[in-house]
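Heads up: the structure comes next, in structure tokens.
The values are calculated or read from the model by the stated rules, or taken from the named source; none is laboratory data. Quantities reported herein were computed from a predicted structural model and do not represent experimental measurements. Note that each Cβ is placed from the backbone with ideal geometry, even for glycine, and that neighbours are counted across all protein chains shown. All accessible areas refer to the heavy atoms of the entire protein, side chains included, with ligands and DNA or RNA removed. Shrake-Rupley method; radii C 1.70, N 1.55, O 1.52, S 1.80 Å.
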Amino acid sequence: MADVDVMTILDDQGDTVLYYRQSQDRTGDELGISRQRLDGRKLCELRDWRVRAEVADNDTSAAGKRRRPGFEAMLQAVQDGQVRRIVAWDMTRLTRNARDRLRLLELGKRQGLTVAFVRGSDLDLSTPAGRLTADILGSVAQHEIEQKSDRQRRAALQAAEQGRRIGGRRPFGYEPDGVTIRESEAAAIRDAYEAVLAGVPLGRVAADWNARGLSTPQPKRDGSPSPWTAQTVRPTLLNPRYAGLRSHVTEALRESMDPRAARLKAIVGPAAWEELVTEETWRAAVELITDPSRHTGPRSGRGLLTGVGRCGVPECGATVHRGAAPARKGRAGHPTYRCRASMGHVGRASEPVDWWVTEVVIGRLERPDAALLLADDKRPDAAKLRREARALRVRLDSLAGLLADGVLTEAGVRRESVKLRTKLSDVERQQADAGRVNVLGPLINAPDVRAAVEALDTDRLRVVIDTLMTVTLLPPGRGVRFGQDVESWERVAERISASIVIDWH
Ligand SMILES: [Zn+2]
């Protein structure tokens, strides 16, 4: 089709446009551009119409989804009053779908356009009879559009209920069919969930994926691969598809909230494709990623207990953050944990506290009974929780039916729905807990627990602490000062232990 530009001006005194379209005909009745041109020109000659321009579109490349630049340019020329007549082979050649047809007819009525076909009679939109025909054709087109969108809506809902996928962009980790696992990417995704549960920030997950030579499924505009960033990793890991869950975001939901948040709300059941991680792992990761308390403060300033340690002032219990104490009398200030709620509550030098808490963690994990932390009675029963969640979702689904059947009133449905949703979010929270227990396993089973704990970076160690216990920092008593130059670590430990409360989970 490269032989014809989008719009070729032949005679700028002319008022007729010849329109051709190369389409992906599967009927065997392929009608080439050259044939359309030959017949169209002959028609103009016979009627003595001056051809202003020829317009051609090529639809063969993109399954009817791409815009048609020629068609758009032609509508613009009609709008501008340069064109009074359009000649095409037939209506299906001129307009690709009902929406195009409606646009053309509406514009044509306003501009008194004549549409002439090689096959078919003229449509003179400057006459009442022509406009009547256009109205009828327009109503038919409108009806077709509505039917189609209704069909699409119902098809989408049905696909969701069956856990099937309905097209769209290739999901990372799967082949374009959305079902076949692409192992190189799937491995990266599984590792990422594990890393996130161990406290690794999303920026580092992105760096890891890039280092593996992976890029996002959506290339840049110029076609070059688009590298991962924390901003693109986040919605990816939040996608329920990786837990083998299918969500169905209705139009109403999409309008009322962020589409990615909607995806979390709109889980309808198990998907037809294989999951990459368990639902528990996924929920635990979602909880971590979406917890706002974990994203406050600059990354560089986050201490081991930031967002995890608690203020010990009675009735407070706010989390602590780490900041530098102001330098005094020529001595540099040292980093200090402070209560987020009130400056006056707790101020504790962070270094000795971090050291002490790390020792407590190592001591706990080295104990012979540490394996009990992983024992089944401590671990929520994942299979049971999954069954419960599924049953609750089915019951939520059936509410609409009960309303329709008159079993429940609208108020009754609302009440029941609130009850079921509360239960469901409780079960989902337990599922998230079940996923997070996995953090401790590798440490407890390590041949050298101390070395394994000390090898953790701050982010991972913070999650271990959060899984094991609650650390509450009391204000140190008056006159108690901690400093390496003054006291031995043993003395420090003695004093610290008196002003830190550890509650084991
Ligand atoms: Zn406080």
Criterion first (among the basic types (K, R), modelled with pLDDT under 85 and more than 30 Å from L253 (Cβ to Cβ)) does R96 satisfy it? yes
If you scan region 339-355, which residues turn out to be hydrophobic (A, V, I, L, M, F, W, C) and either within 11 Å of the ligand (Cβ to nearest atom) or surrounded by fewer than 20 Cβ atoms within 10 Å (Cβ to Cβ) (or both)? C339, A341, M343, V346, A349, W355
Output for Cβ contacts, cut-off 8 Å, separation at least six or different chains, first residue under 15 Å from P475 (Cβ atoms) in region 332-351, second aromatic (F, W, Y) and away from the ligand (no atom under 12 Å from the Cβ), reads A349/F482
Looking only at region 399-418, count how many residues are surrounded by fewer than 13 Cβ atoms within 10 Å (Cβ to Cβ) and at pLDDT 80 or above. 5
Condition set of a type in the set (D, E, K, R), assigned to a helix (DSSP H, G or I) and out of contact with any Lys or Arg (no Cβ under 7 Å at 6 or more places or on another chain), scope region 254-292, selection farthest from V463 (Cα to Cα): answer is E255
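Which residue out of A195, A206 is among the small types (G, A, S), part of a helix (DSSP H, G or I) and modelled with pLDDT of 85 or more? Don't jump to the end; show me each part of the working.
Numbers: A195 fails: modelled with pLDDT of 85 or more.
Answer to the check: A206.
How many residues does region 237-263 contain that are open to solvent by 50 Å² or more (accessible area, probe 1.4 Å) and either of a type outside the set (D, E) or in the same structural domain as L424 (by TED's automatic domain parsing) (or both)? Show your work before the answer.
So in region 237-263, the residues open to solvent by 50 Å² or more (accessible area, probe 1.4 Å) come out as 250-252, 254-260, 263.
Those left that are additionally either of a type outside the set (D, E) or in the same structural domain as L424 (by TED's automatic domain parsing) (or both): 250, 252, 254, 256-257, 259-260, 263.
Qualifying residue count, region 237-263: 8.
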What is the number of the single condition among (1) more than 28 Å from A156 (Cβ to Cβ); (2) in contact with a Ser or Thr (Cβ under 7 Å, 6 or more places away or on another chain) that T232 does not meet? (1)
The residue that is surrounded by the fewest Cβ atoms within 10 Å (Cβ to Cβ), considering only those in region 304-327 that are more than 16 Å from the ligand (Cβ to nearest atom) and modelled with pLDDT of 70 or more, is A324
Regarding region 159-166, can at least one residue be identified that is hydrophobic (A, V, I, L, M, F, W, C), assigned to a loop (DSSP other than H, G, I, E, B) and without any contact (Cβ under 8 Å) to a residue 60 or more places away in the chain? yes
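To keep it simple, each residue is scored yes or no on (1) farther than 15 Å from D135 by Cα; (2) in contact with a Lys or Arg (Cβ under 7 Å, 6 or more places away or on another chain); (3) open to solvent by 50 Å² or more (accessible area, probe 1.4 Å).
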{"site": "P69", "(1), (2), (3)": "yes, no, yes"}
{"site": "M74", "(1), (2), (3)": "yes, no, no"}
{"site": "T114", "(1), (2), (3)": "no, yes, no"}
{"site": "V118", "(1), (2), (3)": "yes, no, no"}
{"site": "S121", "(1), (2), (3)": "yes, no, yes"}
